[in-house]
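Working notes for the structure below.
The values are calculated or read from the model by the stated rules, or taken from the named source; none is laboratory data. These numbers were taken from a predicted model, which means no experiment stands behind them. No Cβ is skipped: glycine too gets one built from the backbone with ideal geometry, and neighbour counts run over all protein chains shown. All accessible areas refer to the heavy atoms of the entire protein, side chains included, with ligands and DNA or RNA removed. Shrake-Rupley method; radii C 1.70, N 1.55, O 1.52, S 1.80 Å.
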Amino acid sequence: MGKVLIETIYIEKKIKDHPRTKSILSKFKKARYIEIDRYGEVFNKRNQNFRIQKSNPALILAHKNDGFVLPAPEGFGIGASKNYYFSHMYNCIYDCRYCFLQGMYSSANYVVFVNFEDFDNEIQKIIKLNYNTKITFFSGYDCDSLALENVTGFAKHIIPLFKKHSEVDIEFRTKSIQINPFSSITPQENFIIAYSLMPDLISKSLDNKTPSILKRINAMSLLASKGWKIGLRFDPLIHGKNWKCLYEELIDIVFKSIPRESIHSVSFGPLRFPKQMFKDIFKLYPDEPLFSGPLSRNKGIVSYNNEIEEEMTFFCQTLTAKYINESQIFKCLA
Amino acid sequence: MIKDTFKENDFSIRWVIALKEEAQIIITQFKMSLLSQTSVFPIFKNFDGSHWLILSGIGRHNAAAATLYLYEKSNAPRWTSWINIGIAGCGKGNYGDLCLVDKIINNSNSEKTYPDTMKRSILTRMELLTTDFPITDYNSKELIDMEGSAFYDMASKIASRELIGLFKVISDGPSNDIKKLNKSNISDLIKSNISNINTVISYYELLSLREKKIINKPELFFEISNQWHFTVSQKHQLDSLVRRINTFGINKDIKCLLKDCKNSKSVISVLNKQIESHEVEWGRF
């Protein structure tokens, strides 16, 4: 991760003396600090422009009051009977053109909740409640789980909790090559470090400000060599000229770089937006090539038509099945 | 770089300034002329209509009313940048400094707002207290004015918050008596900051240009929609189709293909057919 440039940090009064707040602020000594009452005063206000904010987002340090852990949307999972997600942060330092976060908030500023301990308590409650049930937690649904790790230290904080609870799985989904939290500890069987991937040619156009696909593969390879389980998330699948060749090439490189036994699971997700969200994102980037693709509206969802979706998923699943067991392959529909 | 692809008047700037003495240098620089002697507030505009300026007079009510009045009179498009500039008292900074406002407190109801600010600026950023009465107790206060909160509240209803900027020149404080302020030194205070003000102008002009480039419909859209009658929903379809055609780089012969179309429905059908046979070529972007 390159140095994150932050000119402004808004700080909720309630947490201004929190040790984590102080630690984060110490990393941005040149930034202007502005005290606020609640993060809603500056985040997601009417008439904010996501696109302009995205060019230079501010950081907001806040206290989360509720909703620490939520059930994952239906269709989001890798085999467990129950799936939950938590987000210590809203928004992302990357700028991927297919990302739902663009249509989720009118603000591109990063909100970081510093009361990590409340996440711990809620996670533990859920583990207790689901005793004897196979559950998976997903970190980084409303953000990238590792991209701002240098600043927040959230992964480093949460790792010991999941080390203690080896009966549940935890997935860190990321595009970041920031692997520090994992490189200094013993690999854990219940941890999945999952990387979002797409063909390099497409990624260069859509994954703005992210590490390249090659760098992500190198990071995965390094983690695998240390014994960590890797998740491969081909999500979303993007259509375009020569898509078959592009995905074939990508899958080939990935499986040549990561030993099969290191792969926990592979999932494929179609490109899908709720209608209103698509409208909002299209307004932000009306000339985006992604939206020139063969998208159609069906039952309130904007996506590639069924035929394309099925063909792409089938093609990629078939290729992947050459390398790993089919029981490790999932379709992500959330 | 972006500027090269635009005509000079493609950006849109609106100025809301309390006093003529504060505005004079801007009026002169952009060769603005008074629109009418009889309007509610004096409005000035430059020759191509890219810069409009209103003199609001002192106070919150005037500032809010003038902002809305200018919005309506100038028919300000969505990509307009709104700038408020003026003098302010200050308990902390240096006399004559131009400051950027990033927090506003309305003294009458203690409401706080947080304007977005110009990025990568060397200007000092400060909090602004907007009050209905002149304050001379500067103790522990940053900037003090009588219009800022009302300007921002109104402007943020009609424009993206990121396109609004408030700038204050420190004119009085513990060591500079407010009673010494007169027309001449108010004018001098603004003039002495003209270089910084020009940087501010360039920033907001560029922001406005970029917004326009994205928001505005492509030229081909207007060429087509002027020839046939489209319903509102068809216009949305047409906008999206034209943008896709531009993305695919197949806009060259489109008008020729459309020449036999009888109505908007057939136009849309022809455009759809053109697009169907194309796939996104990712290496091109």
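Exactly one residue out of A:Gly79, A:Gly75 is modelled with pLDDT under 95, closer than 26 Å to A:Phe291 by Cα, open to solvent by 10 Å² or more (accessible area, probe 1.4 Å) and not charged (D, E, K, R): that is A:Gly75. Set side by side, the residues B:Val200, B:Val232 differ, and just one is open to solvent by less than 80 Å² (accessible area, probe 1.4 Å) and either at pLDDT 95 or above or in contact with a Pro (Cβ under 7 Å, 6 or more places away or on another chain) (or both), which is B:Val200. Is it fair to say A:Asp252 is among the acidic types (Asp, Glu), open to solvent by 20 Å² or more (accessible area, probe 1.4 Å) and more than 14 Å from every other protein chain (Cβ to nearest Cβ)? So A:Asp252 passes the test. Among the conditions (1) over 26 Å from A:Lys3 (Cα atoms); (2) assigned to a helix (DSSP H, G or I); (3) of a type outside the set (D, E, K, R), A:Leu232 misses just one, which is (2). Restricting attention to segment B:249-273, which residues are at pLDDT below 90 and within 14 Å of chain A (Cβ to nearest Cβ)? Hits for segment B:249-273 are B:Gly249, B:Ile250, B:Asn251.
For beta carbons closer than 7 Å, sequence separation of 6+ or different chains, a first residue in segment A:151-173 that is within 24 Å of A:Tyr131 (Cβ to Cβ) and a second that is at pLDDT 95 or above and of a type in the set (Asp, Glu), the qualifying pairs are A:Leu161/A:Asp120; A:Ser166/A:Glu189. Selection over segment A:167-181 of residues that are at pLDDT 95 or above and not acidic (Asp, Glu) gives a count of 8.
Of note, A:Ile179 does not satisfy the criterion of being within 14 Å of chain B (Cβ to nearest Cβ), closer than 24 Å to A:Leu5 by Cα and out of contact with any Lys or Arg (no Cβ under 8 Å at 6 or more places or on another chain). Considering segment A:194-233, and only residues there that are of a type in the set (Ser, Thr, Tyr) and away from every other protein chain (no Cβ under 14 Å), the residue that is most open to solvent (accessible area, probe 1.4 Å) turns out to be A:Ser225.
All conditions in (1) part of a helix (DSSP H, G or I); (2) of a type in the set (S, T, N, Q); (3) without any contact (Cβ under 8 Å) to a residue 60 or more places away in the chain hold for B:Asn196, with the sole exception of (3). Beta carbons closer than 9 Å, at least 6 apart along the sequence or on distinct chains, pair a first residue in segment A:68-87 that is of a type in the set (A, V, I, L, M) with a second that is surrounded by 14 or more Cβ atoms within 10 Å (Cβ to Cβ) and assigned to a loop (DSSP other than H, G, I, E, B) for A:Leu70/A:Ser87; A:Leu70/A:Tyr141; A:Ala72/A:Tyr141; A:Ala72/A:Ala334; A:Ile78/A:Cys332; A:Ala80/A:Val168. In segment B:206-229, of all residues being of a type in the set (S, T, N, Q) and either within 11 Å of chain A (Cβ to nearest Cβ) or surrounded by 12 or more Cβ atoms within 10 Å (Cβ to Cβ) (or both), the one that is farthest from B:His51 (Cα to Cα) corresponds to B:Gln227. B:Asp132 falls short on exactly one of the conditions (1) part of a loop (DSSP other than H, G, I, E, B); (2) without any contact (Cβ under 8 Å) to a residue 40 or more places away in the chain; (3) more than 14 Å from chain A (Cβ to nearest Cβ); (4) not hydroxyl-bearing (Ser, Thr, Tyr), and that condition is (2).
Mind telling me which of the residues B:Asp153, B:Asp116 ends up being within 12 Å of another protein chain (Cβ to nearest Cβ), touching a residue at least 40 places away in the same chain (Cβ under 8 Å), among the acidic types (Asp, Glu) and open to solvent by 40 Å² or more (accessible area, probe 1.4 Å)?
Numbers: B:Asp116 fails: open to solvent by 40 Å² or more (accessible area, probe 1.4 Å).
Exactly one of B:Asp153, B:Asp116 is within 12 Å of another protein chain (Cβ to nearest Cβ), touching a residue at least 40 places away in the same chain (Cβ under 8 Å), among the acidic types (Asp, Glu) and open to solvent by 40 Å² or more (accessible area, probe 1.4 Å), namely B:Asp153.
Residues that are among the hydroxyl-bearing types (Ser, Thr, Tyr) and touching a helix residue (DSSP H, G or I) at 6+ places or on another chain (Cβ under 6 Å) within segment B:232-281 comprise B:Thr247, B:Ser264, listed in sequence order.
I'm trying to understand the selection: among the residues of segment A:175-189, which are surrounded by fewer than 17 Cβ atoms within 10 Å (Cβ to Cβ), of a type outside the set (Gly, Ala, Ser) and assigned to a loop (DSSP other than H, G, I, E, B)? Of everything in segment A:175-189, those that are surrounded by fewer than 17 Cβ atoms within 10 Å (Cβ to Cβ), of a type outside the set (Gly, Ala, Ser) and assigned to a loop (DSSP other than H, G, I, E, B) turn out to be A:Ile185, A:Thr186, A:Pro187, A:Glu189.
Of all the residues in segment A:45-72, those that are within 14 Å of chain B (Cβ to nearest Cβ) and surrounded by fewer than 17 Cβ atoms within 10 Å (Cβ to Cβ) number 4.
Out of all the residues in segment A:134-144, is one or more of a type outside the set (Gly, Ala, Ser), farther than 20 Å from A:Phe50 by Cα and surrounded by fewer than 19 Cβ atoms within 10 Å (Cβ to Cβ)?
yes
Taken together, the criteria exclude B:Ser56 from residues that are within 13 Å of B:Val16 (Cα to Cα) and within 14 Å of another protein chain (Cβ to nearest Cβ). Within segment A:257-290, restricting attention to residues that are in contact (Cβ under 8 Å) with a residue 12 or more places away in the chain and among the acidic types (Asp, Glu), the residue that is least open to solvent (accessible area, probe 1.4 Å) is A:Glu288. Within segment A:291-334, the set of residues being surrounded by 14 or more Cβ atoms within 10 Å (Cβ to Cβ), away from chain B (no Cβ under 14 Å) and of a type in the set (Ser, Thr, Tyr) comprises A:Ser303, A:Thr313, A:Thr320, A:Tyr323. Listed conditions (1) open to solvent by less than 20 Å² (accessible area, probe 1.4 Å); (2) part of a helix (DSSP H, G or I) are all met by B:Cys256, apart from (1).
For segment A:25-40, filtering for residues that are surrounded by 15 or more Cβ atoms within 10 Å (Cβ to Cβ) and within 9 Å of chain B (Cβ to nearest Cβ) leaves 3. Looking only at residues of segment A:241-275 that are outside any strand (DSSP E or B) and of a type in the set (Val, Ile, Thr), we find that the one that is nearest to A:Cys332 (Cα to Cα) is A:Ile251.
Scanning segment A:266-281 for residues that are more than 24 Å from the chain's Cα centre (by Cα), within 14 Å of another protein chain (Cβ to nearest Cβ) and closer than 24 Å to B:Gly283 by Cβ turns up nothing. Under the condition of being basic (Lys, Arg), touching a residue at least 24 places away in the same chain (Cβ under 8 Å) and open to solvent by 80 Å² or more (accessible area, probe 1.4 Å), the residues counted in segment B:236-253 number 0. For segment A:1-24, which positions are away from chain B (no Cβ under 14 Å), open to solvent by 10 Å² or more (accessible area, probe 1.4 Å) and either of a type outside the set (Asp, Glu) or closer than 13 Å to A:Leu59 by Cβ (or both)? Scanning segment A:1-24 gives A:Met1, A:Gly2, A:Lys3, A:Val4, A:Lys14, A:Lys16, A:His18, A:Pro19, A:Arg20, A:Lys22, A:Ser23.
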